[in-house]
Protein chains: 4
Amino acid sequence: MIVVLRPGTPEAEKQKLIASLEENALRVDVSEGVHQTVLCLVGDLTPSYADRIAALGCVESVTRVTKPFRLSGRREHPEDTVVEIGSVKVGGGHFVMIAGPCSVESEEQILAAARAVKAAGADLLRGGAFKPRTSPYDFPGLGAEGLALLKLARAETGLPIVSEITSEAQLPLFEDVDLLQVGARSMQNYDLLRELGRLDKPVLLKRGFSSTLHELLMSAEYILSGGNERVILCERGIRTFSDSTRNTLDLSAVPALHELSHLPVIVDPSHATGRAALVGPMALAAAACGADGLMIEVHAEPGASLSDAAQAVDCDSFAALARRVRAVREAALS
Amino acid sequence: MIVVLRPGTPEAEKQKLIASLEENALRVDVSEGVHQTVLCLVGDLTPSYADRIAALGCVESVTRVTKPFRLSGRREHPEDTVVEIGSVKVGGGHFVMIAGPCSVESEEQILAAARAVKAAGADLLRGGAFKPRTSPYDFPGLGAEGLALLKLARAETGLPIVSEITSEAQLPLFEDVDLLQVGARSMQNYDLLRELGRLDKPVLLKRGFSSTLHELLMSAEYILSGGNERVILCERGIRTFSDSTRNTLDLSAVPALHELSHLPVIVDPSHATGRAALVGPMALAAAACGADGLMIEVHAEPGASLSDAAQAVDCDSFAALARRVRAVREAALS
Amino acid sequence: MIVVLRPGTPEAEKQKLIASLEENALRVDVSEGVHQTVLCLVGDLTPSYADRIAALGCVESVTRVTKPFRLSGRREHPEDTVVEIGSVKVGGGHFVMIAGPCSVESEEQILAAARAVKAAGADLLRGGAFKPRTSPYDFPGLGAEGLALLKLARAETGLPIVSEITSEAQLPLFEDVDLLQVGARSMQNYDLLRELGRLDKPVLLKRGFSSTLHELLMSAEYILSGGNERVILCERGIRTFSDSTRNTLDLSAVPALHELSHLPVIVDPSHATGRAALVGPMALAAAACGADGLMIEVHAEPGASLSDAAQAVDCDSFAALARRVRAVREAALS
Amino acid sequence: MIVVLRPGTPEAEKQKLIASLEENALRVDVSEGVHQTVLCLVGDLTPSYADRIAALGCVESVTRVTKPFRLSGRREHPEDTVVEIGSVKVGGGHFVMIAGPCSVESEEQILAAARAVKAAGADLLRGGAFKPRTSPYDFPGLGAEGLALLKLARAETGLPIVSEITSEAQLPLFEDVDLLQVGARSMQNYDLLRELGRLDKPVLLKRGFSSTLHELLMSAEYILSGGNERVILCERGIRTFSDSTRNTLDLSAVPALHELSHLPVIVDPSHATGRAALVGPMALAAAACGADGLMIEVHAEPGASLSDAAQAVDCDSFAALARRVRAVREAALS
């Protein structure tokens, strides 16, 4: 850890601090600059100890050198992790295409979507049953019934299923779900993450919409440190001042996460952009920059009840997009 | 709701949409502009119905007119809500001073802090027992034992206590806590909010660090709609590009929330700035712009183990600050 | 324009406002909702008139319906604009590759870079002569001499040249520069934009790092409305909380700008990411999502003086990248 | 400067880098950690040299220790600077109240405003003549005529005047303006800043709406390093995701700038919030947290042409606000 002292720190205070650090079993390398002193600490420090040092009046800044990603980091685990969901593989050269509706609404709806995305080449079926909604007055999803319908769709199509869990209390209901999704709003629900760390089941961890990559990896660390090594990361847009899309898709997070971590990284262009017309271009861009997969909202009959206009990516568009995604991926790797 | 159609929408598609809306029991006022048509919809729409309309190909934008804050909004409830925590009142002219350490660390520590903040004029004692930490390797708080120590401090000083709850599973442990705090990371943990709505106990709801005021009020709505009317809002800094403070304290949220809502609004300058030297100025600013209270981290012996330097707001500084806060508040109201 | 009145606006005040609007030659369609009234105004309003209405006490919000992009917008100009820089075409299916060093440093340096990027297939040579630097104590570029060296490199390689202009006072020096670049910091230097609008010379307009797409197009409008129709837009990263890259490359701006405007849109992954290792993936992503070109910083001998390590994209990497960019582009269009 | 090497950097590469640094007259203190090596460099480095080191493949990060604010920083200039504008003093305990309309519109308008703000206790009169407008189709201000009207108002009231300059070409027109304002959009117009550095005239430098405090001070440094020591800084709101105000007023910038710099810091709550109802609370908050002054938009007859409703802060409200600002300031200093 690097500690920069304020200009003009009295020699006595400096020596007292160094002595105190050394008592805590740290080696202290001192570099005296023209105006300021830099202390390089070598040894094990907890974050809270670092916080206490940072709070000292004579300390201008504290910077950690070693990345704190003990289990998710590249350094200790240089090879790409391949996460298996049944027979589907993600990461290390394996690309996954997850598709399906935002929410499970009815048997008819989810079966139609499942058949269509299967035909278009999807590997997994998505569908929300417990929906975190900004408003308490809005449709919260079908809950347990939604999960049952998803399983029905799996039985018919053979596609493994993924759905969002929002509380550790729902765990019993998710026993037979193939991939558990932690949504952006829950990325720092540490009680939930700890429970997921105890499972023998893959987890799809979405980046919070104002989380740094550091924070995303520390949340993965909660799951990994519980013993569950099957974590897939997902970029889904961050919150910025820009108002032309619902969120700003941060695609540079894909190669940046690949540098920092061995975990697979997929991209959700649907929630990121919030507009069907932008999903295609952003899906292609994600494939081009090295994402290990995509999660795309697909509807079998978008907007049927209201008009003929396209509400979201329909099945034909998805099939065409999936083909182009594969072509772009190959070209990018060429 | 206001629906703007794209330029060049065919007349037939427009008529079909209007017919469909009217079938859904909405009145549609049509305004034909030079290039575009505007539909004003009158009647009850769920957010998901609005979403479906927004997704139509011929629709450029959808804007809700009526504010969705049914219970937290000023319109239906013009008078300020006064929240009572034992004999302490917050809102409607009553100002609350909450103080205490970030975490409960030991009996000695919390008793010393409790006595000191009581002497300095604090109304409530804060202290974390379940700490949401970015890293799984860091001190997670003393848990149940921390709450027990807090109650001890309450018994001695008479100060009501406030502590953060991070999961509905912890509810039994919080039965005897006077004010339940929902932290920034949990502001959209709707499962937790729903449970808090069923309690007969005041809740301190902190703004998520990238939440809009709209989202904060919708989270309050989760609690209120469950029947619990005792909600206090708290601004604690938002995440921005600015790197000179840990977060950017958004003080304009105080008057803006007072316009939108009848609920009390307090400010936490400690977490917002992350630096003891800025806590004082920001506490005074919060009092000046009409906040209904402050929550400040205070330590009886900051940094004792490491040096003489001030780690955070110490008790004497807090006492002096509390005095100036009262003076500024009076001057601002003059 | 849509004007929403506050709940409870007295009937007399409403009628007075409507009368005043009608006196200003606007048609007013009134929609009476349950709680609030919506006025749809039809006719020509200046932004300042809209501002004055917005400021009225009885007005809750004012929303403009018609997009204000008179010359840069798609509506009046549905076809893609193709900008010509000598024999190089950009937009409407023509892809441009701009490459070269950040700053012109010496004759030897710029000639080596020019030869190398030409060999790798670049269409234009970039090189900064007037560098806007955050610090007044840093290298501000070679100025007029830098432009002279750029022209030398053009004479040898035949590549048209692009360089940044920071003040209208520099215009005489840029007479013989092929493409004038307006940097992110100058995107709202309207005095400069107005002068560029009077030229018969293409302009590369970079998005300010905290500008919305609306603001970018309004800045383009300054140039177009002066009579200069040759404007190329450039996304180069926006400022967000995210700290893993220098800026956050907002690639969804590419398809979003293509929807709004007929002007070509290129991407600068070098300034956006600030890290050589991320330039390649982001260049491929930009090509995949439909960008009309790329601007990439390339050095002939990166880091020669200090070590063998790669400082930035070297010429061989650039040549390989250019090949993959073309392959990805073809695959995305397939 | 602190250079952190990547884990696994070969010893030979490390030694080569150290030798190269020492050749450049830097002292290098080496701290070998468990996984990574830290180099503390002592000596003079230009920013571009630091950039080149940062770009090396073996370098993970580079951090500057000494603050680069040679002239604006507290370290070399511990006492508060007091800027004099005629007989008006700002900073070092002197509080300035600047008021007036956004734009000069007519003789009648500016004279009425000038008389009113003078009566309410303002120290300076503001009024825009050259307005940077997002749209080229909107009112750009009265230009030279606007400045002439401002001077007329000064002649009548005795109030010194402040107006915004947007290009160095306008300098001759501003010869007789008392305080030159650099707007947020021009904060990094270095050509303009350099020219202002050559004047014997105070400058009001507004923070760019996405500028860090570091960048603001470096822009001040451009003016100071030219020999002009009379610079006043102004916080006027930053761009964030928050949508309840036009910008987010970053009041913690006031004490943070006071720590870093000796220059006076004032606050503009009008542009920050964009809503008259929030100007008062934010003005009081600014006074409470130690601002050296305020700049407030005041209109003598807000909204007269349209309705009786208040468009902005009217003169009576301003007079009452000015009184409360003084009371809060005294209380905060008590």
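The values are calculated or read from the model by the stated rules, or taken from the named source; none is laboratory data. Please read these numbers as outputs of a predicted model, since none were measured by experiment. Heads up, the Cβs are rebuilt from the backbone with ideal geometry, glycines too, and the neighbour counts pull from every protein chain shown. The protein model used for the area step is the full one, side chains on, heavy atoms only, and it has no ligands, DNA or RNA in it. Shrake-Rupley method; radii C 1.70, N 1.55, O 1.52, S 1.80 Å.
Here are the numbers for the structure shown:
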{"read-out": "Options A:Glu84, A:Glu107; residue that is among the charged types (D, E, K, R), in contact (Cβ under 8 Å) with a residue 40 or more places away in the chain and over 16 Å from A:Ala153 (Cα atoms)", "value": "A:Glu84"}
{"read-out": "Selection within the range C:100-146 - more than 14 Å from every other protein chain (Cβ to nearest Cβ) and under 22 Å from the mean Cα position of the chain (by Cα)", "value": "C:Gly100, C:Ala122, C:Asp123, C:Leu124, C:Leu125, C:Arg126, C:Gly127"}
{"read-out": "A:Gly146 being touching a residue at least 24 places away in the same chain (Cβ under 8 Å) and on the phi > 0 side of the Ramachandran plot", "value": "no"}
{"read-out": "Candidates D:Arg70, D:Arg27, filtered to the one that is in contact (Cβ under 8 Å) with a residue 12 or more places away in the chain and under 28 Å from the mean Cα position of the chain (by Cα)", "value": "D:Arg70"}
{"read-out": "Count of residues meeting criterion [in a helix (DSSP H, G or I) and either outside the structural domain of B:Gly91 (by TED's automatic domain parsing) or not hydrophobic (A, V, I, L, M, F, W, C) (or both)] in the range B:314-330", "value": "7"}
{"read-out": "Residue count for the range C:158-188, restricted to those that are of a type outside the set (A, V, I, L, M, F, W, C) and without any contact (Cβ under 8 Å) to a residue 24 or more places away in the chain", "value": "2"}
{"read-out": "Subset tally (residues that are at pLDDT below 85 and open to solvent by 70 Å² or more (accessible area, probe 1.4 Å)) for the range A:1-55", "value": "5"}
{"read-out": "Top-ranked residue in the range B:56-71 [being aliphatic (A, V, I, L, M) and within 16 Å of A:Ala276 (Cβ to Cβ); ranked as most open to solvent (accessible area, probe 1.4 Å)]", "value": "B:Val62"}
{"read-out": "Residue that is farthest from B:Tyr222 (Cα to Cα) [pool: residues in the range B:53-99 that are among the hydroxyl-bearing types (Ser, Thr, Tyr) and more than 12 Å from chain A (Cβ to nearest Cβ)]", "value": "B:Ser87"}
{"read-out": "Any hit, the range B:230-237, residues being within 19 Å of D:Ser242 (Cα to Cα), touching a His at 6+ places or on another chain (Cβ under 7 Å), touching a residue at least 12 places away in the same chain (Cβ under 8 Å) and not hydrophobic (A, V, I, L, M, F, W, C)", "value": "yes"}
{"read-out": "Residue that is closer than 30 Å to A:Pro10 by Cα and out of contact with any Gly (no Cβ under 8 Å at 6 or more places or on another chain), where the choices are A:Thr66, A:Thr46", "value": "A:Thr46"}
{"read-out": "Filter result for A:Arg115 (within 24 Å of A:Lys131 (Cβ to Cβ) and either in contact with a strand residue (DSSP E or B) (Cβ under 8 Å, 6 or more places away or on another chain) or not hydroxyl-bearing (Ser, Thr, Tyr) (or both))", "value": "yes"}
{"read-out": "From the options A:Thr273, A:Thr240, residue that is within 27 Å of C:His271 (Cβ to Cβ) and touching a helix residue (DSSP H, G or I) at 6+ places or on another chain (Cβ under 8 Å)", "value": "A:Thr273"}
{"read-out": "Complete set of residues in the range A:155-214 that are more than 17 Å from A:Gly143 (Cα to Cα) and acidic (Asp, Glu)", "value": "A:Glu156, A:Asp191, A:Glu195, A:Asp200"}
{"read-out": "Any hit, the range A:135-158, residues being in contact with a Pro (Cβ under 8 Å, 6 or more places away or on another chain), crowded, with 16+ Cβ neighbours inside 10 Å and among the charged types (D, E, K, R)", "value": "yes"}
{"read-out": "Of all residues in the range D:265-277 being open to solvent by less than 10 Å² (accessible area, probe 1.4 Å) and facing chain B (nearest Cβ under 9 Å), the one that is farthest from the chain's Cα centre (by Cα)", "value": "D:Thr273"}
{"read-out": "Test: B:Arg230 is open to solvent by 10 Å² or more (accessible area, probe 1.4 Å), of a type in the set (Lys, Arg) and modelled with pLDDT of 95 or more", "value": "yes"}
{"read-out": "Output for the range B:112-133, where each listed residue is in a helix (DSSP H, G or I) and within 16 Å of B:Pro160 (Cβ to Cβ)", "value": "B:Ala113, B:Ala114, B:Arg115, B:Val117, B:Lys118"}
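Condition check ((1) of a type outside the set (D, E, K, R); (2) within 21 Å of C:Gln170 (Cα to Cα); (3) crowded, with 23+ Cβ neighbours inside 10 Å) across all residues:
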site: C:Val88; (1), (2), (3): yes, no, no
site: C:Gly100; (1), (2), (3): yes, no, yes
site: C:Ala114; (1), (2), (3): yes, no, yes
site: C:Val117; (1), (2), (3): yes, no, yes
site: C:Gly121; (1), (2), (3): yes, no, no
site: C:Gly128; (1), (2), (3): yes, yes, yes
